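A short worksheet on the structure shown next.
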Amino acid sequence: MSAQNLDGEGDAETDGGGEMPKPHTVRLELVDEPGQLLAALQPIAENGGNLLSIFHERGNLTPRGHIPVEVDLECPPDRFEGIVDALRDAGVNVIRAGAEHFGEEVTLILVGDLVDSDLSDTLYRIEESADATVTDVSLSAPSGTKETSSARLRLAARSGQTTAALAAVRDIAAEKELHVVEPLTEESA
Amino acid sequence: MSFRLAVLGAGAVGGSVLDLADTYGHEVVAFADSASAAIDPDGLDSQSVRARKEREGVVGDGDPTAVFDTDYDVLVEATPTTLGDAEPGFSHVERALLDDRHVVLANKGPVAERYGDLRALEAESEGRVQFEATVGGAIPVLSTISDLGAGHVTAARGVLNGTANFILSRMAAEGLDYEHVLAEAQDLGVAEADPTFDVDGIDAALKFVILANVLSDEATEYRLDDAGVEGIRNVPGTALDLAAEDGRTVRLIGEATADGVRVAPRLVPKGSTLAVTGTQNIVQLETQHAGQLNISGRGAGGPETATAVLSDVSRLE
């Protein structure tokens, strides 16, 4: 027997190991001065965060006269606290931060008469009853509204709520006679 | 040890068992299709039996039931899988076990639909029942579970229908629609003229029901009716396109877990372990203490399935 720790919990880090990055959202308020946005993004990159998107709401001022900015980033869960701390240390006003906003993402495909079964109502009901946010929709309907079409949805659910969200989608789809191609979540990629 | 085999079912699997038995040190003393039987206590010559079947449509002069009166050690049940009461396969197995002979099944019916009855008969018999060939053709799935101990395997999932997998992976690769690829698969002999069993997920579901029966270790008995089954007919090319755009693909995935049996088209990451292509099959076992084990290979075909049958025969020694 070697003295190596072979217990799965204590795996030594190898390439591809470690905690998988997860998406997070932070909402910041910036003073309307040049260079403010760049100054706010630097602590994120420096602390191991990977920027996914920046929604810079120019023209929409907060009651205090600041510009709200929503930043989606990706980082290992254990790094997130460090990023928020670094932002605050750099004098950036962090209004809301947390993984709970974005939690877990799950991709699925709906198949059927999507247009006639009112896709926007389907999406609305998924958000309502599945307690999830539809973050992305791609529709493929090459034959117009006449034939079967497909839509790929990306849902963001609170941590641990993915199974419940998928069950809700299944119910709504069954009611509208749509098929759901669900993700296989347990599989090792 | 050399066994004398009685083979029921003269299709691709039965025929290959007849061809390959001697390479495993066994001999076939009786061989029957639904209408005729060839019997020779000194061992049948595979070529002459096969030639007669081709020439005259019968394998020999005997009546199929005469098989049970020969002096055989192991019954190889390779007649077509039937649902519900799993007949006539189940009666063949019953007869052999009552006569205290061993049984090796390639027919999924008795194991998927009447597992409890089968085990009860086995318990009363000197003979044993083996059925590696019913799950994943040549892939040693059941023997791996048996080696690990069923209680140490918490789940089995994977792709166990080559026809459905061929259709999905070809649709994804070529951007072709279902009907087109199905016709192509039928031309290639990958899909049968009536592809219902394969494309509607029934064949895969039977295999995962068998896995669930083995994993539950007789605590719960599963039948096809207990499985959630969805086939691939409702997966259009557009769904595969949308999956591909996102680095994913769709496969007909079966699962046998503590929650039961489910077979459905599922999104999996492109190039991931379970996203096998063509007629390839794969089973992923979730173990209690050793993580995941993946076993893949050819899940169908005469010589492939006969390989599993003959390995089972050798396990009876």
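Every number in this text was worked out from the coordinates using simple rules, so none of it is lab data. In this text, all values refer to a predicted model and were calculated from it rather than measured experimentally. Counting neighbours? That spans all protein chains shown, and the Cβs are built from the backbone with ideal geometry, glycine included.
Data for the structure
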{"item": "Other protein chain Cβ atoms within 10 Å, averaged over every residue that makes up B:231-243", "result": "6"}
{"item": "Rel. contact order, % - alpha carbon contacts under 8 angstrom, at least six apart, the stretch A:19-98", "result": "48"}
{"item": "Average beta carbon contacts from partner chains per residue of A:147-154, 10 Å cutoff", "result": "4"}
{"item": "Among B:M171, B:T81, B:I145 - extreme Cα towards positive end, dipole of the stretch B:81-173, charges at beta-carbon", "result": "B:M171"}
{"item": "FRET efficiency estimate (nearest 0.05) - Cβ-Cβ, A:R64 to B:E218, R0 60 angstrom", "result": "0.30"}
{"item": "Residue-averaged [θ]222 nm for chain B, counting only DSSP H segments that reach four residues, each worth -39500 (n - 2.57)", "result": "-11000 deg cm²/dmol"}
{"item": "Dipole moment magnitude, nearest 20 debye, the stretch B:142-298 about Cα centre, only Lys, Arg, Asp, Glu C-beta charged", "result": "460"}
{"item": "Relative contact order (percent, whole number), chain B, Cα cutoff 8 Å, 6+ residue spacing", "result": "20"}
{"item": "Gyration tensor verdict on the stretch A:104-181 (Cα atoms; rounded if a/c is under 1.5, prolate if a/b is larger than b/c, oblate otherwise)", "result": "prolate"}
{"item": "Neighbour-count order for B:R262, B:R95, fewest beta carbons within 10 angstrom listed first", "result": "B:R95, B:R262"}
{"item": "Relative contact order of the stretch A:104-181, defined on C-alpha pairs under 8 angstrom at six or more residues apart (%)", "result": "46"}
{"item": "Folded to 0 to 90 degrees: helix B:178-188 orientation relative to chain B principal axis, Cα", "result": "30"}
{"item": "Order of A:H56, B:H26 - criterion: other Cβ atoms within 10 Å of each residue's Cβ, fewest first", "result": "A:H56, B:H26"}
{"item": "Approximate spin-label separation B:D63-A:V94, in nm, with each point projected 7 Å along Cα-to-Cβ", "result": "8.6"}
{"item": "Test item: Cα-centred dipole of the protein assembly as shown, Lys/Arg +1 and Asp/Glu -1 on Cβ, debye", "result": "920"}
{"item": "Highest-fluctuation residue, B:S169, B:S216, B:S48 considered, GNM on chain B with Cα pairs under 10 Å", "result": "B:S48"}
{"item": "Fewest-first ranking of A:V26, B:V13, A:V134, using other Cβ atoms within 10 Å as the exposure measure", "result": "A:V134, A:V26, B:V13"}
{"item": "Estimated FRET transfer efficiency (A:D131, B:N234; beta-carbon r; R0 30 Å; 0.05)", "result": "0.65"}
{"item": "For A:171-181, mean number of other protein chain Cβ atoms within 10 Å", "result": "3"}
